[in-house]
Amino acid sequence: MFNIGDVVYNWKILEVRKIPKRGIVYDIECINCGFIRKAVSTNRIRLTRNCKFHNRSTSIVSSTKLRRIFKGIKIRCYDSENKAYKWYGAKGIKICEEWLNDSNNFINWSLENGYKEGLTIDRIDSSKDYCPENCRWISRKENAKWKSSTNYYTVNNITDSGKGWARQLGLGINFINKYARKHGKEETLKFIENKLNNMRA
């Protein structure tokens, strides 16, 4: 039997419990990436030497944090008492069965699709569900840019937010949004197109 704090291979023992008819249950943490799982043994701990999540990313990944992120997604999609539910579950946004039935599938997908510390999950189409085909990991700055309350303007097949167009055109950061409030969207689109043409002339 191992004790709390012991390190076996690449695993640190976090908690030890004796459960009738099951033997000893260990909560163990990978010392390389922070992934936490359970190990059950009737007489000795059975551990693989390497964590299956370690080295899947160029940076150290905490699967514990990914589990918290997934829990947050689940709450806003299915807990009607949560204040964010009105923007997700109430609008019909769900989690695909692949992830909902096993959160490890979400963790695997995240590690294989660009997750690293500091990024946030984003749905490419905000009207569709959380699933591999509709999700990506982006910076908080990019996520804020594409949130549902942001106004977008498509000119010459380029779509960007008001602040994004302001940056592209070399204007004050809030210029386009203020212009749109004063003149309306159609006039704003014409303004952006004219500015682009002048820049290319």
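Taken together, the values in this text are just the output of simple stated rules run on the coordinates, not laboratory data. What you see is a predicted model, and the numbers here were worked out from it, not measured in a lab. In this analysis, Cβ positions are derived from the backbone assuming ideal geometry, glycine residues included, and neighbour counts consider all displayed protein chains.
Can you give the extra length, in nm with one decimal, that the chain gains between E81 and R67 once fully stretched, where that is 0.36 nm per residue apart less the Cα-Cα distance?
Computed gain between E81 and R67 is 3.0 nm.
Structure shown: which of K74/K185; K65/K128; K65/K185; K71/K185; K141/K185; K18/K86 lie over 32 Å apart, alpha-carbon to alpha-carbon?
Check vs 32 Å cut-off fails for K74/K185; K65/K185; K71/K185; K18/K86.
Could you tell me the calculated FRET efficiency between E117 and N197, based on Cβ-Cβ distance and R0 = 41 angstrom, to the nearest 0.05?
According to the calculation, E is roughly 0.45.
Please say if segment 152-200 is rounded, prolate or oblate, where rounded means a/c under 1.5 for a ≥ b ≥ c the square roots of the C-alpha gyration tensor eigenvalues, and otherwise the choice is prolate for a/b larger than b/c and oblate otherwise?
rounded
Treating cross-link reach as a plain straight distance, find the lysines whose alpha-carbon is under 21 Å from the alpha-carbon of K190, omitting any fewer than eight places away in the same chain.
The reachable lysines, counting only those whose Cα sits under 21 Å from K190, are K163, K178, K182.
Among the aspartates and glutamates, select those whose C-alpha is under 14 Å from the C-alpha of K12, and discard any that sit fewer than 8 residues away in the same chain.
Partners within reach: D27, E29.
What nm distance separates the two modelled labels at E186 and D102, each placed 7 Å from Cα along Cα→Cβ?
5.4
Distance in nm between label sites at D125 and K18, each 7 Å beyond Cα in the beta-carbon direction?
Using points 7 Å along Cα→Cβ, the separation is 5.6 nm.
Modelled label-to-label distance, A90 and N156, 7 Å Cα→beta-carbon offset: nm?
With each label point 7 Å from Cα toward Cβ, the separation is 4.1 nm.
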